[in-house]
Structure formats: structure tokens, C-alpha cells
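J.: Pasting a structure here, questions to come.
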Amino acid sequence: LLLAFGKEGSRAVLTENGASIWDSLGALAFLCIALLGYAAKAFFVNFLPRGAPFRLISAGTVMWSNIAIGIKVAACLFLIYLVLAAFRPSDST
């Protein structure tokens, strides 16, 4: 968003606070998946039933962990780009 529409266009879709919330939610989701595994007698153990090979929901908690980390990384990268754009020197000299 930032690269395509600029700072103002990207802030219309997602603000710094919104990106911070998504970042926190991704970390919280990852922690919850790990703690649910802990409730199954080991930290970060697969507590979901395994499916058939080569099916989308066949890896148990691996897919959900990757989605949570993906949300966290995407929100962090958006914040990094937004901060870099905010502190860019102006073109007028």
C-alpha cells in the first residue's frame, strides 16, 4: 500500500495504531497456539488431529502458526515502511 499509494493513501487504509494492533494480535495468536499445545502436555505440541497427506488441513497446528506469524511480520513490515516514509526528507530545499 505504501509503495503504491504513498503515505497518505496507506494511512487511509491502515493506521499506525491499526498495524500495531494487528502485530499484537499475530503475536497473541501464536502464543495461544503454543499454550494450547502446552495444555496437551507439552509446549507447542500438535493438539489437532492429523489429516490425510497433501490436504490443506493435514499439518495440525503448523498452518495456524504460520498464519499468525505471517500476520505479525506483515504488520511489522508495514510499520517499518510507514516510519521510513514519515521521516523521509522533503523534496523542497
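J.: Have a look at A29, A52 and point out the one that is at pLDDT 90 or above and open to solvent by less than 60 Å² (accessible area, probe 1.4 Å).
T.: So the residue among A29, A52 that is at pLDDT 90 or above and open to solvent by less than 60 Å² (accessible area, probe 1.4 Å) is A29.
J.: Within the range 5-19, does at least one residue satisfy the condition of being at pLDDT 85 or above and open to solvent by less than 80 Å² (accessible area, probe 1.4 Å)?
T.: Yes; the residues of the range 5-19 include at least one that is at pLDDT 85 or above and open to solvent by less than 80 Å² (accessible area, probe 1.4 Å).
J.: Right, here's the next one. Residue check: is G37 open to solvent by less than 80 Å² (accessible area, probe 1.4 Å) and free of Cβ contacts under 8 Å to residues at least 24 places away in the same chain?
T.: no
J.: Please state which one of L25, L36 is within 26 Å of L84 (Cβ to Cβ) and hydrophobic (A, V, I, L, M, F, W, C).
T.: So the residue among L25, L36 that is within 26 Å of L84 (Cβ to Cβ) and hydrophobic (A, V, I, L, M, F, W, C) is L25.
J.: Now for a different question. Step by step: first the residues of the range 74-93, then only those that are exposed (fewer than 15 other Cβ atoms within 10 Å of the Cβ) and modelled with pLDDT of 85 or more, then the one that is farthest from the chain's Cα centre (by Cα). Which residue is that?
T.: I80
The values are calculated or read from the model by the stated rules, or taken from the named source; none is laboratory data. Quick caveat, the model's predicted, so the values are computed rather than measured. Cβ coordinates were reconstructed from backbone atoms using ideal geometry, including for glycine residues, and neighbour counts include every protein chain displayed. Just so you know, the surface numbers come from the protein's heavy atoms only, side chains and all, with ligands and any DNA or RNA stripped out. Shrake-Rupley method; radii C 1.70, N 1.55, O 1.52, S 1.80 Å.
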